[in-house]
1. Give the residue, chosen from LYS140, LYS164, LYS99, that is under 22 Å from the mean Cα position of the chain (by Cα) and not assigned by the TED database to the domain that holds ARG35.
2. Restricting attention to region 77-84, does a residue exist that is within 19 Å of ILE133 (Cβ to Cβ) and touching a Gly at 6+ places or on another chain (Cβ under 8 Å)?
3. Sort through GLU66, GLU92, GLU73 and tell me the only one that's touching a residue at least 12 places away in the same chain (Cβ under 8 Å), loosely packed, with under 13 Cβ neighbours inside 10 Å and not aliphatic (A, V, I, L, M).
4. For the subset of region 158-172 comprising residues that are touching a residue at least 40 places away in the same chain (Cβ under 8 Å) and aliphatic (A, V, I, L, M), which member is surrounded by the fewest Cβ atoms within 10 Å (Cβ to Cβ)?
5. Kindly establish whether SER55 is in a helix (DSSP H, G or I), in the same structural domain as MET1 (by the TED database) and of a type in the set (S, T, N, Q).
6. Taking TYR9, is it of a type in the set (Ser, Thr, Tyr), open to solvent by 90 Å² or more (accessible area, probe 1.4 Å) and not in a helix (DSSP H, G or I)?
7. On the given criteria, is SER115 hydroxyl-bearing (Ser, Thr, Tyr) and more than 30 Å from GLU139 (Cα to Cα)?
Amino acid sequence: MPHLFIISYGNDAERKRIEYLLEKWSERAEISKLRGITFIIDTENVSEFAEELLSKLDPPSSDKVEVYHVKKEDLKSKVAPNKVELEYITNENPQIVRKLLRYILSKCNAYYVSSDDLSMTYGAYTKKGRVEIRIEIDEKSTNETQIVISLVGYGEVVEYMAKKLREELSLLL
């Protein structure tokens, strides 16, 4: 059963990643990139619209038009993001932990997204996909620092990045 995907990409790099995915899947699925104008019309008078549309084509021909009945699907109900949480306790000062984590994330080609008093958010693109990394650092009253790293993404990228972070952190914490 064919599925129509409408993807609003934000930049050229994202478009290229989608193009690469289509190329990768071309051996496993029939993929047709649409040419011309693509739109969705929701009307009870589709025949009337089609008649007027065909009158605008030069030469008028129904061979130029493909029409599919489309039902919107909610991907969230079919595909859930993968989540991994890593927890560490260390005797290191929270400022040193922050610097250490920034260093490790830069080694993993992660980029800074945002931060507040309690957490830092990073993102990373790999060949396995994109992952969001949220880090919470909490200084405990026992002079210990608790680190919670939450990774969220789709596919195998989450476990892949979690493994890299575990390896790096095992050497330094």
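1. Working: LYS140 fails: under 22 Å from the mean Cα position of the chain (by Cα); LYS99 fails: under 22 Å from the mean Cα position of the chain (by Cα).
Matching residue, one of LYS140, LYS164, LYS99: LYS164.
2. Start the filter on region 77-84 by keeping residues that are within 19 Å of ILE133 (Cβ to Cβ), which leaves 80-84.
From what's left, touching a Gly at 6+ places or on another chain (Cβ under 8 Å): 81-82.
For region 77-84, residues within 19 Å of ILE133 (Cβ to Cβ) and touching a Gly at 6+ places or on another chain (Cβ under 8 Å): present.
3. Details: GLU66 fails: touching a residue at least 12 places away in the same chain (Cβ under 8 Å); GLU92 fails: loosely packed, with under 13 Cβ neighbours inside 10 Å.
Just a single option satisfies the conditions, and that option is GLU73.
4. Across region 158-172, the extreme among qualifying residues is LEU172.
5. Details: in a helix (DSSP H, G or I): yes; in the same structural domain as MET1 (by the TED database): yes; of a type in the set (S, T, N, Q): yes.
For SER55, the condition - in a helix (DSSP H, G or I), in the same structural domain as MET1 (by the TED database) and of a type in the set (S, T, N, Q) - is met.
6. On the way: of a type in the set (Ser, Thr, Tyr): yes; open to solvent by 90 Å² or more (accessible area, probe 1.4 Å): yes; not in a helix (DSSP H, G or I): yes.
So TYR9 fits the description; yes.
7. On the way: hydroxyl-bearing (Ser, Thr, Tyr): yes; more than 30 Å from GLU139 (Cα to Cα): no.
So SER115 does not fit the description; no.
Conditions (1) under 30 Å from ILE137 (Cβ atoms); (2) open to solvent by less than 100 Å² (accessible area, probe 1.4 Å), marked per residue:
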| site | (1), (2) |
| --- | --- |
| MET1 | no, no |
| ILE41 | no, yes |
| ASN45 | no, yes |
| ALA50 | no, yes |
| SER77 | no, yes |
| PRO81 | yes, yes |
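The values are calculated or read from the model by the stated rules, or taken from the named source; none is laboratory data. As the structure is a computational prediction, the values presented were derived from the model and not from experiment. Heads up, the Cβs are rebuilt from the backbone with ideal geometry, glycines too, and the neighbour counts pull from every protein chain shown. The protein model used for the area step is the full one, side chains on, heavy atoms only, and it has no ligands, DNA or RNA in it. Shrake-Rupley method; radii C 1.70, N 1.55, O 1.52, S 1.80 Å.
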